[in-house]
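The values are calculated or read from the model by the stated rules, or taken from the named source; none is laboratory data. Quantities reported herein were computed from a predicted structural model and do not represent experimental measurements. Note that each Cβ is placed from the backbone with ideal geometry, even for glycine, and that neighbours are counted across all protein chains shown. Surface accessibility is based on the protein's heavy atoms, side chains included, excluding ligands, DNA and RNA. Shrake-Rupley method; radii C 1.70, N 1.55, O 1.52, S 1.80 Å.
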Amino acid sequence: MSLAAEFGITLTQHVLRKQTGHRDARGQFSQLLTQIGVAGKLITAQVRRAGLIELWGATGDVNVQGETVQKLDRIANDTFIEVLKRSGCVAAMASEEEDEVIEVPPQMAGDYVVAFDPLDGSSNIDVNVSIGTIFAVYRRHDRNEVVKSDILRPGREQVAAGYIIYGPSTALVYTDGKTVDCFTLDPSCGEYFLTRENIQMPEKTVQLSINECNEPYWAAWVTPYLDALKSRNDAEKRRVSARHIGSLVADFHRNLLKGGVYLYPTDAKTGRGKLRVLYECNPLAFIAEVAGGAATDGVHRILDIEPQGLHDRTGLVIGTKAEIARVAEFVAKYGTGRA
Ligand code: AFP
């Protein structure tokens with residue numbers, strides 16, 4: 001076990017330390033992040049039994065206690081909602097799994113609004129590949145009621161964002177707008193310890209993440225951009241390598257640490273993207289920017305998108321700042337129309 005895990009700073013200690021002296025500090029923000037960590041532990045416990053849960057499902061969807069077996073993404077959703085509801089810090093939530101806004105009863109409501117994807121990359125569950133929970137945190141506008149603009153607002157208004165990645169270990173990464181910090185769950189004591197502080201995305205792009213089978217649907221700029229990216233490799237050296245997991249959270253985490261670009265461009269035929277603005281793109285774009293990277297839909301900064309609906313989708317290109325600037329050059333030259 002590493003020294004960091006044995007004697008390191010815990011998530012709660014870190015959040016409290018950073019909040020000390022904050023002018024509005026009422027303890028709710030620290031409490032909220034701690035409770036998100038708790039939800040992550042509960043989801044981790046279920047994710048680690050994913051194969052077993054699937055087995056129960058195959059025997060008639062009833063477990064040994066006679067309870068209906070739920071899919072893991074439903075379990076993650078219910079867990080996140082219940083923990084945040086009871087936290088006393090949240091007034092409303094938006095989830096990938098819910099059609100409508102989840103309002104917290106006024107007597108339990110707090111200062112924050114949270115949008116989340118409880119289990120991103122769920123098609124990877126059955127094949128034992130990393131998945132994650134992504135969350136965006138906003139301060140509510142009105143103390144007395146939840147208003148539409150508490151939820152449907154641009155990502156630049158986030159006060160915090162993060163993700164919990166369920167991989168070989170469980171890691172929680174969050175930003176408060178000042179730094180991006182990573183905590184690893186030590187399963188032996190059930191505590192998150194600070195393992196990477198003030199993460200900065202490397203400036204050089206060494207990894208490329210894209211589902212290339214979508215090429216028929218790409219806009220005109222995408223293929224020439226990728227050709228240019230790949231042409232950085234020559235007989236002497238491979239400078240860029242393809243890495244695509246199919247869990248946005250895992251692809252993003254790797255690119256954040258190693259330096260890379262992830263693309264899920266807007267479908268040029270329908271004009272629609274696949275990824276959701278509120279709980280996939282916004283939180284990761286916020287983290288990317290604080291870590292020195294950038295995120296665009298091809299034309300606009302992700303954090304400036306004004307969402308019209310809870311489940312709005314967008315194209316996403318997220319990575320190093322230099323790479324996103326290069327994307328803008330290719331968009332200007334080749335356009336966003338069909339190839
Ligand atoms: P699921 O949660 O349905 O697996 O979707 C995952 C995801 O939203 C994102 O995590 C992946 O990067 C992306 O979709 C993969 O989509 P494609 O299968 O269309 O490449």
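Some points to look at:
- For beta carbons closer than 9 Å, sequence separation of 6+ or different chains, a first residue in region 116-143 that is free of Cβ contacts under 8 Å to residues at least 60 places away in the same chain and a second that is near the ligand (Cβ under 8 Å from one of its atoms) and among the hydroxyl-bearing types (Ser, Thr, Tyr), the qualifying pairs are Ser122/Ser247.
- Selection within region 99-143 - among the acidic types (Asp, Glu), within 15 Å of the ligand (Cβ to nearest atom) and closer than 18 Å to Tyr279 by Cβ: Asp117, Asp120
- Within region 286-306, the set of residues being of a type in the set (D, E, K, R) and open to solvent by less than 40 Å² (accessible area, probe 1.4 Å) comprises Asp297 only.
- Residues in region 142-168 that are more than 14 Å from Val90 (Cβ to Cβ) and over 18 Å from the mean Cα position of the chain (by Cα): Asp142, Asn144, Glu145, Val147, Lys148, Ser149.
- No other residue among Val146, Val159, Val206 is open to solvent by 40 Å² or more (accessible area, probe 1.4 Å) and within 19 Å of Gln28 (Cα to Cα) apart from Val159.
- Residue within region 22-35 that is within 21 Å of Gly167 (Cβ to Cβ), at pLDDT 55 or above and of a type in the set (Val, Ile, Thr) present: no
- Flag for Phe330 being at pLDDT 95 or above and farther than 18 Å from Thr175 by Cα: yes
- Exclusive hit being open to solvent by less than 30 Å² (accessible area, probe 1.4 Å) and over 20 Å from Asp120 (Cβ atoms), set Gly309, Gly271, Gly259, Gly319: Gly259
- Flag set for Glu289, criterion: more than 16 Å from the ligand (Cβ to nearest atom), assigned by TED's automatic domain parsing to the domain that holds Ile245 and in a helix (DSSP H, G or I).
- Restricting attention to region 247-286, the residues being within 10 Å of the ligand (Cβ to nearest atom) and among the aromatic types (Phe, Trp, Tyr) number 3.
- Filter result for the condition that a residue is among the small types (Gly, Ala, Ser) and within 16 Å of the ligand (Cβ to nearest atom), over Ser209, Ser149, Ser231: Ser209
Results for (1) more than 16 Å from the ligand (Cβ to nearest atom); (2) surrounded by fewer than 18 Cβ atoms within 10 Å (Cβ to Cβ), shown as yes or no for each residue.
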residue: Ile165; (1), (2): no, no
residue: Pro168; (1), (2): yes, yes
residue: Pro187; (1), (2): yes, yes
residue: Gly190; (1), (2): yes, yes
residue: Leu226; (1), (2): no, no
residue: Arg243; (1), (2): no, yes
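- Looking only at region 82-105, residues that are more than 15 Å from Gln31 (Cα to Cα) and open to solvent by less than 30 Å² (accessible area, probe 1.4 Å) come to 6 in all.
- For region 203-245, a residue qualifies if it is of a type in the set (Gly, Ala, Ser), modelled with pLDDT of 95 or more and not in a strand (DSSP E or B), and the qualifying residues are Ala220, Ala228.
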